[in-house]
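The values are calculated or read from the model by the stated rules, or taken from the named source; none is laboratory data. Source: prediction; values computed, not measured. Counting neighbours? That spans all protein chains shown, and the Cβs are built from the backbone with ideal geometry, glycine included.
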Amino acid sequence: MLVSVITVVFNNYKYIGQAIKSVISQEHASVEYIVIDGGSTDGTIDVIEKYREKISVFLTEPDDGIYDALNKGIGLATGDTVAILHSDDLFYDNHVVSDMVNRMAVTDAEFCFSDMVIVDIVTDKVLRYYMASYFSRWMFRIGWMPPHPTCFIKRSLFDEFGLYPVKYKVAGDFDFLVRIFYGRDIKWAYLNRITVKMRQGGVSNSGWKSKKIIAHEISKSLKDNQVWSLPLFQIGRYFIRLLEFVVKPEAKRTN
């Protein structure tokens, strides 16, 4: 199975190299790596050029935000499956792609997700364990979804349901998942292991201003997709998040 891994970046010279290395070190033989840069001016492109021979497609030009950049990457992808690794994030180890591909093959899944940890940007200490084993479709109504950076998505789902909406600043991934899960009974699977390490401070977890924006965008997405909910229900998401701060991850690679 050819997997297209997409990384989008803008002015992140400090961490883009680590993200790239975590992709090109994957043991899975068939990985197409696509890097989309938004026109960086801080040295990011110089870092990317150091790994140019290992990158299948590199595009640098201005974009209309993260979801526009992701859509460009999907448009260039030729793999059967698409995975997204942001420039602040890392694959947990070099078995991630092969483990996810195997899980999808065994379960005949169109969509597969797993667990993720969020770490301190300075100390690398685990701050939050984003568990996904208890996912159920109704949880979209409280604004909770499988961790998007861990998702491996069949290209056919993008062909069927469309790309990420660029009208959202932080909830375009939420909107896409709502569309596919409420569009029909898709075949999905969960892999019981951590596959991604995310640094704290990304666009979706960086302060109260972003939380206010995402709450508004989640409510709009649910309404636009005719999924009944109330803004008050989103409080439930934060009870789950409290649990994620308490529970400590275990080292596991089983499915």
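Values for this structure:
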| item | result |
| --- | --- |
| Residues located in region 149-181, provided they are out of contact with any strand residue (DSSP E or B) (no Cβ under 7 Å at 6 or more places or on another chain), buried (at least 16 other Cβ atoms within 10 Å of the Cβ) and not hydrophobic (A, V, I, L, M, F, W, C) | Tyr164, Pro165, Tyr168, Lys169, Gly172, Asp173, Asp175, Arg179 |
| Residues that are surrounded by fewer than 16 Cβ atoms within 10 Å (Cβ to Cβ) and either in contact with a helix residue (DSSP H, G or I) (Cβ under 8 Å, 6 or more places away or on another chain) or not in a helix (DSSP H, G or I) (or both), drawn from region 122-138 | Val122, Thr123, Asp124, Lys125, Val126, Ser133, Tyr134, Ser136, Arg137 |
| So Phe233, is it more than 21 Å from the chain's Cα centre (by Cα), at pLDDT below 85 and assigned to a helix (DSSP H, G or I) | no |
| Residue check for Arg241: in contact with a strand residue (DSSP E or B) (Cβ under 9 Å, 6 or more places away or on another chain) and not in a loop (DSSP other than H, G, I, E, B) | yes |
| Residue check, Asp115 surrounded by fewer than 22 Cβ atoms within 10 Å (Cβ to Cβ), farther than 27 Å from Thr78 by Cβ and in contact with a strand residue (DSSP E or B) (Cβ under 7 Å, 6 or more places away or on another chain) | no |
